[in-house]
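> My questions all concern the structure below.
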Amino acid sequence: MNRRKNSALRIVLMFAALTACSSLPEKPPQEYFKEKGAKPPAENSFTFCSQYGCKRLTTLELSPAEWADIAGVYGPPAANAQEEREKIARTIGRFEQIIGARTGTDLDQAGTFRKIGKGQLDCVDESTNTTSYLLLLDGKGLLNFHTVATPDTRFPIIHAGNWPHQTAVMIEKDTQTRYAVDSWFYDNGNPAIVLPLATWKEGWKPDKEFR
């Protein structure tokens, strides 16, 4: 009986996660934010997503000093798409360090279930915030080789893993190749993982067990 209850609970939790992590990749990012009840980034202002599935939305604004810090990490505009992806990965980590200190999420750990509580973010929070950071960079004219897309999701059975998982996405302009920009795999402030979305969809993860 306990096994049946555990199996039933696992199915319920899985479908709850599917609902939380589902998205519509064909829609523009602005529509995605609207669905979350958040305003798309504008100028220096954006909505910070937290408490699992964007249950808490906090409007934040980056100061000139914070932007100077971020711009310093990003450096001069990239010479090619690969270099731009490397700059983006590094800069997403700096965004997290700055914003984490302001929101109490600076101790957010990799994954979702290793730690729970107010300062922990799940894949929906992480991918939504990363999409905001990408749009802010784009608004500053720092993305010359990529456009920002709506977050995308991989599902168990269909793709890989035991749970649904969502990532931010950008598209290389010349090749139209989609890239996952995933900050969920490592603790707050580390560079994001940037890799082809097709590879990510196959279930890519670091050499650790993630849930």
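> Can you name every residue in segment 49-89 that is outside any loop (DSSP other than H, G, I, E, B), among the small types (Gly, Ala, Ser), closer than 20 Å to Leu195 by Cβ and out of contact with any His (no Cβ under 8 Å at 6 or more places or on another chain)?
Of everything in segment 49-89, just one residue is outside any loop (DSSP other than H, G, I, E, B), among the small types (Gly, Ala, Ser), closer than 20 Å to Leu195 by Cβ and out of contact with any His (no Cβ under 8 Å at 6 or more places or on another chain), namely Ala89.
Let's see how each residue does on (1) under 28 Å from Ile98 (Cβ atoms); (2) modelled with pLDDT under 95; (3) crowded, with 20+ Cβ neighbours inside 10 Å:
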position	(1), (2), (3)
Leu137	yes, no, yes
Leu143	yes, no, yes
Pro151	yes, no, yes
Phe155	no, yes, no
Asn162	no, yes, no
Ile171	yes, no, no
Pro191	yes, no, no
Leu195	yes, no, no
Glu209	no, yes, no
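> Let me ask you something else. Are there any pairs, at least 6 apart or on different chains, whose C-beta atoms fall under 6 Å, with the first in segment 65-78 and in contact (Cβ under 8 Å) with a residue 24 or more places away in the chain and the second assigned to a helix (DSSP H, G or I) and buried (at least 17 other Cβ atoms within 10 Å of the Cβ), and if so, which?
Glu66/Ile98; Ile70/Arg94; Tyr74/Lys87; Tyr74/Thr91; Ala78/Glu84; Ala78/Lys87
> Test each condition in (1) closer than 11 Å to Tyr133 by Cβ; (2) assigned to a loop (DSSP other than H, G, I, E, B) for Ile92 and report the one that comes out false.
In the conditions (1) closer than 11 Å to Tyr133 by Cβ; (2) assigned to a loop (DSSP other than H, G, I, E, B), Ile92 misses (2) alone.
The values are calculated or read from the model by the stated rules, or taken from the named source; none is laboratory data. Worth saying up front: this structure is predicted, and the values here are computed from it rather than measured. All Cβ positions, glycine included, derive from the backbone under ideal geometry; neighbour counts span all protein chains shown.
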